Every structure is written in C-alpha cells, then in structure tokens.
Amino acid sequence: MASAKIKKGDSVVVLSGKDKGLTGIVSKVMPKDGKIVVEGVNIAARHRKPSQENPQGGIDRFEAPMHISKVAVADPKDGKPTRVRFEERDGKKVRIAVKSGEAIDG
C-alpha cells in the first residue's frame, strides 16, 4: 500500500478556486474519489423544504468535498504550500516538506 501524501488532521492550503489562499485542517480524505474535505473551506448551501424531521426547513451549510489536487500541505515552518517527499528516518518512513526539509507531524 502506498502512503498518502495528505492525511486527516494535516494543515493544508487551498491552491485554486473560490477559496484560494485559505488554510484549514483536513477532516476527511476519500482516496477512491480523489477528494478531500477541509474544515471551513468550500462551504456549500442546500435549501431544504420543511419536512417531518425538519419542520422549519431552511438552508443547510456544510463543507463539500473538493479535488485533492486543489490543496497542498502547509509547510510546518512558514505555513506556505509545499510538496511532500518520503524519507527513511530512524528506520521509519516519514513525510518531509520539500521547501523546508522539516518532517510533517506523523
């Protein structure tokens, strides 16, 4: 199994789209779909009709999944977007931020 470059709990920067430049924490990764959910980013609104469970109806706002290519891991040093490389350190496979060479927590 290949290791994931982006995992749940990582801090990421949005590279494109309406939320470009925003930073958030990954709350869900869907590797089969190539999608990711980031807290506070890509907020979608659904207008709901009143129903039995929700007699009031109204607008539901939620974080919609976005394509994984739209985000990059935030560098632990300065918070700017960076690519991820894998290295062997102390016999463990570790994710490394390419820009600073810092190990990404995990």
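The values are calculated or read from the model by the stated rules, or taken from the named source; none is laboratory data. Everything numeric in this text was worked out from a predicted model, so none of it was measured. Ideal geometry is used to build each Cβ from the backbone, glycine not excepted, and the neighbour counts take in all protein chains shown. Side chains included, ligands, DNA and RNA excluded: accessible areas come from the protein's heavy atoms. Shrake-Rupley method; radii C 1.70, N 1.55, O 1.52, S 1.80 Å.
Here are the numbers for this structure:
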item	result
Any hit, the range 51-59, residues being in a strand (DSSP E or B), more than 11 Å from the chain's Cα centre (by Cα), loosely packed, with under 15 Cβ neighbours inside 10 Å and without any contact (Cβ under 8 Å) to a residue 12 or more places away in the chain	yes
Residue within the range 24-40 that is open to solvent by 50 Å² or more (accessible area, probe 1.4 Å), under 17 Å from Ser100 (Cβ atoms), of a type outside the set (Val, Ile, Thr) and in contact with an Asp or Glu (Cβ under 9 Å, 6 or more places away or on another chain) present	no
Some residue of the range 71-82 being more than 13 Å from Ser11 (Cα to Cα), among the basic types (Lys, Arg) and open to solvent by 70 Å² or more (accessible area, probe 1.4 Å)	no
Residue check for Arg85: at pLDDT 90 or above, surrounded by 12 or more Cβ atoms within 10 Å (Cβ to Cβ), in contact with a strand residue (DSSP E or B) (Cβ under 6 Å, 6 or more places away or on another chain) and closer than 13 Å to Lys7 by Cβ	no
Condition met for Pro76 (on the phi < 0 side of the Ramachandran plot and under 17 Å from the mean Cα position of the chain (by Cα))	yes
Matching residues in the range 93-106 - criterion: being open to solvent by 40 Å² or more (accessible area, probe 1.4 Å) and assigned to a strand (DSSP E or B)	Lys93, Ala103
Residues that are part of a strand (DSSP E or B) and without any contact (Cβ under 8 Å) to a residue 24 or more places away in the chain, drawn from the range 1-25	Gly24, Ile25
Residue within the range 76-92 that is assigned to a loop (DSSP other than H, G, I, E, B) and in contact with an Asp or Glu (Cβ under 9 Å, 6 or more places away or on another chain) present	yes
